[in-house]
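Visitor: Before I ask anything, let me first share the structure, which is written out below as structure tokens.
No value in this document is a laboratory result; all are computed from the given coordinates. Keep in mind the model is a prediction, meaning the values are calculated, not measured. Ideal geometry is used to build each Cβ from the backbone, glycine not excepted, and the neighbour counts take in all protein chains shown.
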Amino acid sequence: MSIIITRTRVKEKCGIADTSLDTTIDNLIAELGPAIEYSLRPEFIADTGNTGLQATLNLGATEIVCSELLAQILRPAGAAESISIAGLSLGPIKDAEDRDGLRAQGLARLAPYLKADPSASSRTSVRAAGRPDEASV
């Protein structure tokens, strides 16, 4: 079985009611879904009898897609600008910054089920000649 990320669920979590972003959402699901699934250990994806686990994997993946969608909405020129005049401020909704919170939440949800990171097991410290390393500064 594979991860299930639906447009309906993404729209619901992002508070989107119209259809103007449907193609963008579908494209994000098609792009990110397989990458997220690839990063998970196969035994967890295959454990279809554990409905709680499957719900957790699907929710984590959905949160990551939602985060990217909200980030894309804020990318157009001027979308993050604000103006203040005599104590009146106009600008983006402050909750829009929570898109990073969604990403972190999704990643934290999936963390126990991720494949081992081969680069995390061996760390090599390289220092340029004549430059002190961080510990001696």
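Visitor: Under a point spin-label approximation (7 Å from Cα along Cα-to-Cβ), what is the Lys115-Asp22 distance to one decimal in nm?
Guide: 3.5
Visitor: With the dipole of segment 1-55 worked out from charges on the C-beta (+1 for Lys and Arg, -1 for Asp and Glu) around the Cα centre, which of Val10, Pro42, Thr23 lies farthest toward the positive end?
Guide: Going by the charge dipole, the pick is Val10.
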